[in-house]
Amino acid sequence: MSEISTSEPEFTIRGGDYEHTLGIAGVYAGVRLGYEAPGMQGLFAKMLESRCYEICEFSLANYLTLRATGQDWLTAVPIFPYRAFRHSLAIVRRDSDLVNLSQLAGKRVGVEDYSMTAAVWFRGLLEDEYGVGHKDVTWVTRAKQRFPFPARARVETTTHDLEDLLHDGGIDAFLGMLLRDSALPAEERRLRPLVNDAQKEEEAYFERTSIYPIHHCVVIRNDVLERNQGLVTAVCSAYAGAKERAYRRQLGATMVPWGKAYWAKTFQRFGGDPLPYGLTASNRRVIDRLAGHLKTQGFLPQMPAIDAVFAVSE
C-alpha cells in the first residue's frame, strides 16, 4: 500500500518514463521511494561505470553478463518494466534490396553497443527464426563498449557515426532506435525498416513461441540492500501497484481512435497481463531464452540459475 507524500524519499529509483511507472513514488513496506525518469540514453553505461544509482532500471542482458563474470555488486528484482519485439529493429536505405532478415547473412550491420539486450535478442532472432548465425554477419560498432567483445565475435569498430555510415553505404543495415532520419517528414526520409510488416511477423513469432522479449529488469546496489532488507519488498510493491493502477485506468487506450478495442484485444492475447512481474513460468521461459542467446554469443560460460540471480519479495 502506497502513501502519497511530499517528504524527501529515502531512496530514488531511476527508470523509464512509462505509463505503468506513473505514481510509483510513495511509502511501501515502511520505505519511502521516489522515482525519476532521467532518460534511458546512457543510463546503463553510467551505472556500470560509476555505480551511481541505488536503484535503477537496467539491461537484463548486461545484468546476466555481470553476474556470470562474478561481479555481485548489484542484485536484480524480478520486475521487468520494458519488453519489445525486435523484428523491426533493422533499418536499411530506402533503395536497399533487403526485404527479409534472412538476407543479412554476409552483410555488415551497425549496432550501438554489441552487448545491449536489443542486439542480443536480435542476433538470437536471426539464428532461431531466419537461419543466420551471429558469426554470419559482420557487426560494426563504436570502440567504447559496455563490455569487452566475446572471443571470436565477428565485430569491427568505427569512429564514424553509424547512421551516416548507413547512408554512405559503409554498412548494409543498422539496428537503430533513435534515428535522425525518423524526425524528417516522411517524403524526405532516406531510410526504412528492413521488414515491411514487422507487426505481422512479431505476432506470428509470439503465437509460435509465447516469447515477448524482456529487455530491462530493476537492480539494487548490494551495499544499499544489505542495510535495508525491506527494500526488495518495497520496490516490488511500488512497481506492481503502479502497473495495476495503469491497467485499471487503461492509460493510452482513451487517447487514440479504436484504442479501447485494441487494448481489449491485446490484453486477451497476453492472458490479461502483457507485462507480468515475478519469476513466473512464462518469465522464466523468456529469461532462459535470453540467457541461451547470451551463451551462444559468447557472453556467458554457462546458463545461470535464475533463482540465484534474482531477489524475490517475501
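Looking at 188, 203, which one is exposed (fewer than 15 other Cβ atoms within 10 Å of the Cβ), charged (D, E, K, R) and more than 30 Å from residue 128 (Cβ to Cβ)? Full working, then the answer.
On the way: 203 fails: more than 30 Å from residue 128 (Cβ to Cβ).
From the options 188, 203, the qualifying one is 188.
Among (1) assigned by TED's automatic domain parsing to the domain that holds residue 224; (2) within 25 Å of residue 148 (Cα to Cα); (3) in contact with a strand residue (DSSP E or B) (Cβ under 9 Å, 6 or more places away or on another chain); (4) of a type in the set (Asp, Glu), where does residue 113 come up short?
Result: residue 113 fails condition (1) only.
Condition (residue is surrounded by fewer than 22 Cβ atoms within 10 Å (Cβ to Cβ), closer than 17 Å to residue 53 by Cα, among the hydrophobic types (A, V, I, L, M, F, W, C) and in contact with an Asp or Glu (Cβ under 7 Å, 6 or more places away or on another chain)) applied to the range 212-232: is it met by at least one residue?
Checked against the condition, which is being surrounded by fewer than 22 Cβ atoms within 10 Å (Cβ to Cβ), closer than 17 Å to residue 53 by Cα, among the hydrophobic types (A, V, I, L, M, F, W, C) and in contact with an Asp or Glu (Cβ under 7 Å, 6 or more places away or on another chain), the range 212-232 yields at least one hit.
Need a quick list: helices (runs of 4 or more DSSP H) entirely within the range 210-314 having at least 2 residues that are aliphatic (A, V, I, L, M) and farther than 30 Å from residue 71 by Cβ.
Working: elements: 222-227, 231-249, 259-269, 281-296, 306-309.
The helices (runs of 4 or more DSSP H) meeting that bar are 259-269.
Got a number for residues in the range 286-303 being more than 16 Å from the chain's Cα centre (by Cα) and closer than 24 Å to residue 240 by Cβ?
0
When you go through (1) within 25 Å of residue 286 (Cα to Cα); (2) surrounded by 16 or more Cβ atoms within 10 Å (Cβ to Cβ) one by one for residue 171, which number turns out not to apply?
Failed condition: (1).
Which one is nearest to residue 51 (Cα to Cα) among residues in the range 233-254 that are surrounded by fewer than 17 Cβ atoms within 10 Å (Cβ to Cβ) and among the polar types (S, T, N, Q)?
The selected residue is 250.
Of all residues in the range 180-239, count the ones that are without any contact (Cβ under 8 Å) to a residue 24 or more places away in the chain and closer than 16 Å to residue 77 by Cα.
2
Hey, can you tell me all the residues within the range 68-121 that are surrounded by fewer than 23 Cβ atoms within 10 Å (Cβ to Cβ), under 19 Å from residue 212 (Cβ atoms) and of a type in the set (Phe, Trp, Tyr)?
Of everything in the range 68-121, those that are surrounded by fewer than 23 Cβ atoms within 10 Å (Cβ to Cβ), under 19 Å from residue 212 (Cβ atoms) and of a type in the set (Phe, Trp, Tyr) turn out to be 82, 85.
The values are calculated or read from the model by the stated rules, or taken from the named source; none is laboratory data. Quantities reported herein were computed from a predicted structural model and do not represent experimental measurements. Cβ: placed from backbone, ideal geometry, glycine included. Neighbour counts: every protein chain shown.
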